[in-house]
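One structure below.
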Amino acid sequence: MGATRELLLPLTVLGCFALYYLLEQPFWLVLSCALPALVLYALAPLWAARSQAAFDRDAVALLAARRGSALRQRYDRALGLRLFGAPAQRAERKAMVLAELGQTRAARDAYLEALEEEPQRAPLRVMLGFAHTSFALGDDRTAIAMYRELLASAGLLPGVERNLAHALIRQGEDLHEALSLLSRAEREPSARARRAELELLRALAHAKLGDTGRARELLIEADERADQTESLRAELRALLE
């Protein structure tokens, strides 16, 4: 399954040479064996483009129907994309599938492959995917660098400032910048649902800056909200103790 269009011509030539000179088969038989490979070589770009378009369309439908677990099987069936698609585009689709399946480390490897294929013109979604998977794996140095690049090149993006602030706080560096980022993140449309998380992140930043009074106030405010933030609460309580 790792064959690419570039391999078809040399493999066809070698096969024809072997058939004609080593196995001494008639020329018409050699030609009939070579013809399918030549047709495939000519049609490979069209097949790849149609396979990619069909996969993208089906992937959107599966995600909309909350059937992300079916993405892997659909990707496996996208033979045109997998065999003859551009390496960066193939890696990007693979990364998206792996990320949806919760295979974060493998997804980051695929996003990195896509980035390395097009280092100067990687799509925004690839850079964002690589940054988010790096952040999820706790690779804060890589995530911080990529988030900064995204903010510099693309401006404000949902979740970028929040995750950048979180990564900075985990690293214990540029904490004033982290607080500023969190203040801007609170204006995002999704901020209301993540209010407790944002308050705990601000509290962590204040605690690491030595402002334990403000950190305790924010912890009390966050404790009044029901949210999935136990790991942040535990880290903050450990610092305050």
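The values are calculated or read from the model by the stated rules, or taken from the named source; none is laboratory data. Model, not experiment: these values are computed from the prediction. With ideal geometry, Cβ positions are generated from the backbone for all residues, glycine too; neighbour counts draw on all protein chains shown.
Brief remarks on what is shown
- All positions within the range 209-227 that are of a type in the set (D, E, K, R) and either modelled with pLDDT under 85 or within 31 Å of the chain's Cα centre (by Cα) (or both): Glu221, Asp223, Glu224, Arg225, Asp227
- Residue check, His206 at pLDDT 85 or above and either among the small types (Gly, Ala, Ser) or within 26 Å of the chain's Cα centre (by Cα) (or both): no
- Qualifying positions in the range 110-141 - without any contact (Cβ under 8 Å) to a residue 12 or more places away in the chain and either among the β-branched types (Val, Ile, Thr) or outside any loop (DSSP other than H, G, I, E, B) (or both): Glu116
- Matching entry among Ala178, Ala185 (being among the aliphatic types (A, V, I, L, M), crowded, with 16+ Cβ neighbours inside 10 Å, at pLDDT below 90 and within 17 Å of Ala203 (Cβ to Cβ)): Ala185
- Here the range 71-87 is the region considered, the condition is being surrounded by fewer than 18 Cβ atoms within 10 Å (Cβ to Cβ) and at pLDDT below 90, and the residue that is farthest from Gln52 (Cα to Cα) is Pro87.
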